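Before any comments, here is the structure.
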Amino acid sequence: MPTYRVLVNGKFDHPDAETRARLLAELSDHQAIGFTEDGLFTYSAHLGAFTYRVTLRGEEEREVLDEAELKVMELLDAKGYPYRDVAGKATCMDDIKIRRR
């Protein structure tokens, strides 16, 4: 099965004061960059947009995109964070060619 790196972007949808305070309190936990099998959820202090980076295996790109988008929406729903405009892009790591000199 091919391995994909999936980048899912979205926006926080007007979080209330309590939600903003929770997001800002957890900010330092969400500053890592990279792709992991568990997924990394990141955002900045202005609380406009967020990014979710995950490495997944699957037969089709659309299947992997749907899985990644569902994962981030479940994460946001579990925390009670309002969101909108969730969309992902996948890159098949098996298709990447490394140029050597």
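The values are calculated or read from the model by the stated rules, or taken from the named source; none is laboratory data. Everything numeric here is computed off the predicted structure, so don't read it as measured data. Don't worry about glycine lacking a Cβ; one is built from the backbone with ideal geometry, like all the others, and counts go over all protein chains shown. Quick note on the areas: whole protein, heavy atoms, side chains included, nothing else; ligands and nucleic acids left out. Shrake-Rupley method; radii C 1.70, N 1.55, O 1.52, S 1.80 Å.
The HN-Hα couplings worked out from phi for segment 19-25 by the Karplus form 6.51 cos²θ - 1.76 cosθ + 1.60 (θ = phi - 60°) are 5, 4, 4, 5, 4, 5, 5 Hz, whole numbers, x standing for Gly and Pro. Under 5 Å from the amide H of G39 lie the amide H atoms of T55, each residue being 5 or more positions distant or on a separate chain, with H modelled from the backbone and absent for Pro and chain starts. Rounded to the nearest 10 degrees, the angle from helix 61-79 to the longest Cα principal axis of the chain is 20 degrees. Computed with a 1.4 Å probe on the full set of protein chains, the accessible area for K11 sits at about 90 Å². For the set D95, D38, D66, D13, solvent exposure ranked by accessible area (probe 1.4 Å, protein chains only) runs largest to smallest as D38, D95, D66, D13.
Between D16 and D85, the contour length at 0.36 nm per residue exceeds the alpha carbon distance by 23.0 nm. Against the criterion of solvent-accessible heavy-atom surface with a 1.4 angstrom probe, S28, S44 sort, most first, into S28, S44.
Between D77 and D29, the modelled label-to-label distance comes to 2.1 nm, taking each label 7 Å out from Cα in the direction of the beta carbon. Within the assembled protein chains, the solvent-accessible surface assigned to E74 is about 110 Å², based on a 1.4 Å probe.
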